[in-house]
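**Student:** Just passing along the structure, written as structure tokens.
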Amino acid sequence: MKKTFVLDTNVLIHDPDSLFSFADNTVVLPLAVIEELDNLKSYPDERGRNARLISRRLDELRKRGKISQGIPNDSGGMIRIETQIKADIPTSLVKKADNQIMSVALGLKKEGERVIFISKDINMRVKAEVLGLEVQDFEKAKVKFEELYSGWREITVEDKVLNEFHLKKEMPLPSADIHPQEFVLLKARSNDKKTGLARCAPKENKLVKLVYDDMHIWGINALNLEQKFAFEALLNEEIKLVTLLGIAGTGKTLIALAAGLFLTFEKRFYRKVLISRPIVPMGKDIGYLPGTKEEKLSNWMGAFYDNLEFLVDRSGLSARKGMHENQGKKDKRRDNNDHGPKLPELVETLFMTGKIEVEALTYLRGRSIPEQFMVIDEAQNLTPNEVKTIVSRAGKDTKVVLTGDPYQIDNPYLDSSSNGLTYLADKFKGQDIFAHITLNKSERSYLAGLAAELL
């Protein structure tokens, strides 16, 4: 028996392709959904773009027949807009568009159709089930979070093999199922304290010894095994896309920024570091805040500035070559009793070089970004469609790093299995230019680690 799927507006906004994702079944859009799309179409953010995209697709379908009676789609199903509220619902509920949408589903069920109500809104699903509807989340872009690729594994080898690895700095793959750019902790069979750290190099098709595991990068070094793997992924030129997942305090943002500054200022691999994060809720207009774009963004970019101040302090930026020219003008205005620029001023000097850019994700659409080190923080608040938009901005020789904590999601329509960060990590697994690391140990402080564990 074919099914009738009634879609909530948030499903279409989450994924415009959802309209065509139900095979040979019937997809019904209540008229209230069209009204909500109309209200969203003028928004300058991702919601507005998706609303306009869906509206154009519906207009194309309308040209093929009467959409109120149903238009066949390419997979053998039907798409139609339902104009009538077909079921009685409490008067107190009927004025809300959400409840009008549910009433259409209830009415179709009453007429004998097998109706499944699809919504990304948890409360809508609860209300619909209470009213007797079969309900589902839209799961096309979901992954099994508990089975998500961690980016590294542990392998026990014979002592002789481990000794040869340390001598030659490479070895054949000990297992056929190791993914390209996956990291490996090698342990000696006789003594698990004898170890080696390796990366699966896809070009050579073998394990190679880590290069950057003991390096100090802008005044910091890796504090645990997972951070060593993360630094290796961030500093490796072959790897163009990196995802870092971890709880609060694991160092995701800090090490990503340190690597970007090192590769941009010292190695000169990139023209600049581009840093951004979602303005939660995604695409919220920053025009209501005072000041320039940078001043408006500073309200959302506190985590970046905190980490930059820490890195500047640890690396001794004021003594770095190439920074004195911009700073010299300020130094002349200082009193003789002044012992040099203060930390916030040194961070400002870093921005004055033009090699660091802070941007709102809203304004990345349409850009082509070559030769830059992009850091997208809090990426767990992005949808898979939004992550696709961001990663597809990368131009020639650009590296993209996305960081986030899937346990701290502010977007009401996402969870640990459906957000863009975990979706990206799952879909890119096995690609030669991709590396992923899940960081589990908090290094911020004992208090932060305890809070992440207990709360």
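Taken together, the values in this text are just the output of simple stated rules run on the coordinates, not laboratory data. If you're wondering where the values come from, they're calculated on a predicted model, not measured in any experiment. Cβ sites come from the backbone with ideal geometry, for glycine too, and all protein chains shown count toward neighbours.
**Student:** Hey, what did the chain get for relative contact order, percent, Cα under 8 Å, at least 6 apart?
**Tutor:** Value for the chain: 17 percent.
**Student:** Let me ask something additional. Neighbouring Cβ atoms within 10 Å as the yardstick, rank Lys193, Lys429, Lys2 fewest first.
**Tutor:** In increasing order of surrounding Cβ atoms, one gets Lys193, Lys2, Lys429.
**Student:** Return a whole-number percent for the relative contact order of segment 116-168, with Cα pairs under 8 Å and 6 or more residues apart as the contact set.
**Tutor:** Relative CO of segment 116-168 lands at 27 percent.
**Student:** For segment 335-443, which chymotrypsin sites (Phe, Trp or Tyr not before Pro) are both in a DSSP coil and crowded by at most 14 other Cβ atoms within 10 Å?
**Tutor:** On the way: sites: Phe351, Tyr363, Phe373, Tyr407, Tyr413, Tyr423, Phe428, Phe434; in loops: Tyr407, Tyr413, Phe428.
Answer by residue number: Tyr407.
**Student:** Turning to a different aspect of this structure: Among (i) 26, 59, 15, 0; (ii) 24, 56, 19, 1; (iii) 22, 46, 27, 6, 0, find the value of P(r) over Cα pairs in 20 Å bins from 0, in percent that was calculated from the structure presented, and write down its label.
**Tutor:** Among (i) 26, 59, 15, 0; (ii) 24, 56, 19, 1; (iii) 22, 46, 27, 6, 0, the one derived from this structure is (iii).
**Student:** Please give every one of the aspartates and glutamates within straight-line cross-link reach of Lys355, meaning a C-alpha to C-alpha distance under 17 Å, and leave out same-chain neighbours fewer than 8 residues apart.
**Tutor:** Output for Lys355: Glu266, Glu294, Glu309, Glu325, Glu345, Glu371, Asp397.
**Student:** Let me ask something else. Show me the ranking of peptides 225-238, 25-38, 383-396 by mean Cβ neighbours inside 10 Å, starting with the highest. It would help to have the intermediate numbers written out before the result.
**Tutor:** On the way: 225-238: 22.9, 25-38: 20.4, 383-396: 18.1.
Sorting 225-238, 25-38, 383-396 by mean packing, highest first, produces 225-238, 25-38, 383-396.
**Student:** Please compare each pair in Lys267/Lys399; Lys187/Lys441; Lys240/Lys267; Lys169/Lys194; Lys3/Lys41; Lys168/Lys252 to a cut-off of 25 Å on the Cα-Cα distance and tell me which ones are over it.
**Tutor:** Lys3/Lys41; Lys168/Lys252
**Student:** In terms of Cα to Cα distance under 18 Å, which aspartates and glutamates are near enough to Lys110, apart from those fewer than 8 places away along the same chain?
**Tutor:** Glu82, Asp88, Glu129, Glu134
**Student:** In the chain, if the dipole is taken from +1 on Lys/Arg beta carbons and -1 on Asp/Glu beta carbons about the Cα centre, which of Val11, Gly249, Phe265 is farthest to the positive end?
**Tutor:** Phe265
**Student:** Alpha carbons only, please: Rg and Dmax for segment 4-136, in angstrom.
**Tutor:** 14.0, 41
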